[in-house]
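First comes the structure, then the notes that go with it.
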Amino acid sequence: MELTSNIGSNHVTAIQRQLSSAPNRFILASPYLASDMVSLLDKFDFSSLNRLDIVTTFKAKDPEQLTKPFQLRDILVYFQDKYPSIKLKINIDNQLHGKVYMAFGEMLSAIVTSANFTQSGMYSNHEWGLRIADEQTIGELLEQVLGDLDYPELTATQINKAKLFAEQYLRSNPDWTKKPDIPVDIISTIYSTEAAKDKEPLYFLKPIGSSEHPVRLEDKNDYSDLHQNLHFSKRKPKGVSKGDIVITTGVGCGSLISYFKVTGSLNLVTEAEAQAESWKERWPWYMEARSYSTEFGRDWWKFDIKRNKALMEFREAFPDTPVTSAGGFGLGTLNMGSDKVQITKEFGDFLIAKINGTEG
């Protein structure tokens, strides 16, 4: 572990040291971005990268509604022109406050710091951070940075639409800087419209039950209903939408239970429902889903397909294929109490094949 600061050195030097180790993937998480992104990006050599993940904010009714579209567009054009082989993923997390810079390759490193990816944050502000190289810590950090996004993987079309919205607003409101509030939410408009149309399903692994009310083999609970509600914790779930695939696993037994396609929008239980069934107070958000494994859901306890054993089998068969969409190779976030984790299509299909292999 070592100190990173702008006193006697700067964050550009520290981040370039990470990039000089020839990583194949880099994570850049910063709420604020430079007003001149091209100038700042040009300070770095990204040539070794196969993938770059950027996480930033795009808050509704905030002045960045009229600045962030241009910054994101500049990033997009910069990498299309200078590093076209890099797979660029731009993600939005409106709760983001921390600043993290992570490099993945033969050598792993992460800088957790107070410095935003701006000219002053990288050079002149008194900013301090720590550079770490512990593999387990970096893996957990990766899961947390990419595991709870509001708008994952904006497309070029969406970014271009956002820029057009901002330009139109600026033309209609030339004195916008004198107003404290910007009464628009560009990203929810351009993202929800496009995401609802012909989007590829995302895959999630979701525990059901709790430590107080575990799912036990000996209880032989029946989960064979065709239509079921998938419940989530008090924290409003992000990322899951209609058409996505959710595979359930029991808390306590650690076994696979069923898999579903989400068919309804997000709902909140009523006060009366929570009073009638006390567990719903802890898991108040829900989405309707259709089971695609009703026979397995009836007799899941007979097959007892352990989640962790299936994970080990997948890792042995596909050692270079990530398990989670964030690029991780484990499911530690579920052990820390998360009510879901987004997994890769490859791992999701592997688990579904194991479920389907027991039927018929």
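When only C-alpha pairs under 8 Å and at least 6 residues apart count, what is the relative contact order of the stretch 24-174, in percent? Mind dumping the intermediate values first?
Values: 240 pairs, mean separation 43.7, N = 151.
With pairs under 8 Å counted, the relative contact order is 29 percent.
Work out from phi, with θ = phi - 60° and the Karplus expression 6.51 cos²θ - 1.76 cosθ + 1.60, the ³J(HN,Hα) of each residue of the stretch 132-145, listed in order in whole Hz, and give x for Gly and Pro.
Each residue's phi maps through the Karplus curve to give 10, 9, 6, 4, 5, 5, 5, x, 5, 4, 4, 4, 6, 5 Hz.
Quick one: check the C-alpha center-to-center distance for the stretch 268-308 versus the stretch 94-125, whole angstrom.
The stretch 268-308 and the stretch 94-125 have Cα centres spaced 39 Å from each other.
Amide H to amide H under 5 Å from residue 88: which residues, 5+ apart in sequence or cross-chain, H placed 1.01 Å off N in plane?
Under 5 Å from the amide H of residue 88: 52.
Once amide H atoms are placed 1.01 Å from N in the peptide plane, what residues at a sequence separation of 5 or more from residue 117, or on another chain, have their amide H within under 5 Å of its amide H?
Here 32 satisfy the definition.
What residue among 273, 153, 127 has the largest mean-square fluctuation in a Gaussian network model of the chain, using Cα springs under 10 Å?
Evaluated over the chain, the most mobile residue of the options is 273.
When the Kirkwood hydrodynamic radius is evaluated over all pairs of different C-alpha atoms of the stretch 1-87, what value in angstrom, to one decimal, is obtained? Numbers along the way, then the final one.
Numbers: mean 1/r = 0.0701 Å⁻¹.
With all distinct Cα pairs of the stretch 1-87 included, I get 14.3 Å.
Could you check which residue among 100, 112, 77 shows the biggest mean-square fluctuation in a GNM of the chain with a 10 Å Cα cutoff?
Maximum fluctuation in the GNM of the chain, among the listed residues, is at 77.
Rounded to the nearest 20 Debye, what is the dipole magnitude of the chain about its Cα centre when Lys and Arg each give +1 and Asp and Glu each give -1 at the C-beta? Numbers along the way, then the final one.
Values: 41 positive and 47 negative charges, 103 e Å.
So the dipole magnitude of the chain works out to roughly 500 debye.
On a 0 to 90° scale, report how tilted helix 294-303 is relative to the longest principal axis of the chain, with both axes built from alpha carbons and the result rounded to the nearest 10.
On a 0 to 90 degree scale, this one is about 80.
Whole percent per 5 Å bin, from 0 to the bin with the longest distance: what is P(r) over all C-alpha pairs of the stretch 49-162?
Calculated over all Cα pairs of the stretch 49-162, the distribution is 2, 10, 18, 22, 22, 17, 7, 2, 0 percent.
What's the angle, to the nearest 10 degrees (0 to 90), between helix 307-317's Cα axis and the longest principal axis of the chain?
For helix 307-317, the angle is close to 60 degrees.
Beyond a 18 Å Cα-Cα separation, which of these cross-linked pairs lie in this structure: 68/340; 234/261; 302/354; 59/161; 87/340?
Values: 68/340 29 Å; 234/261 22 Å; 302/354 14 Å; 59/161 16 Å; 87/340 26 Å.
Too far apart for the 18 Å limit: 68/340; 234/261; 87/340.
Please list 282, 171 from largest to smallest accessible area, probe radius 1.4 Å, with all protein chains kept in place. Please list the in-between numbers first.
Numbers: 282 115, 171 170 Å².
Most to least solvent-accessible, the answer reads 171, 282.
Could you derive backbone 3J(HN,Hα) for the stretch 53-63 from the dihedral phi with the Karplus parameters 6.51, -1.76 and 1.60 (θ = phi - 60°), listing whole Hz in sequence and x where the residue is Gly or Pro?
10, 10, 10, 8, 9, 7, 6, 5, 6, 9, x
Please report, in whole Å, how far the alpha carbons of the chain spread along each principal axis, starting with the longest.
Principal-axis extents of the chain (Cα, largest first): 63, 49, 35 Å.
The values are calculated or read from the model by the stated rules, or taken from the named source; none is laboratory data. Note that the coordinates shown come from a computational prediction; the quantities given were computed from them, not determined experimentally. Don't worry about glycine lacking a Cβ; one is built from the backbone with ideal geometry, like all the others, and counts go over all protein chains shown. Ligands, DNA and RNA are stripped out before the accessible areas are found, and what is left, the full protein with its side chains, is counted by its heavy atoms. Shrake-Rupley method; radii C 1.70, N 1.55, O 1.52, S 1.80 Å.
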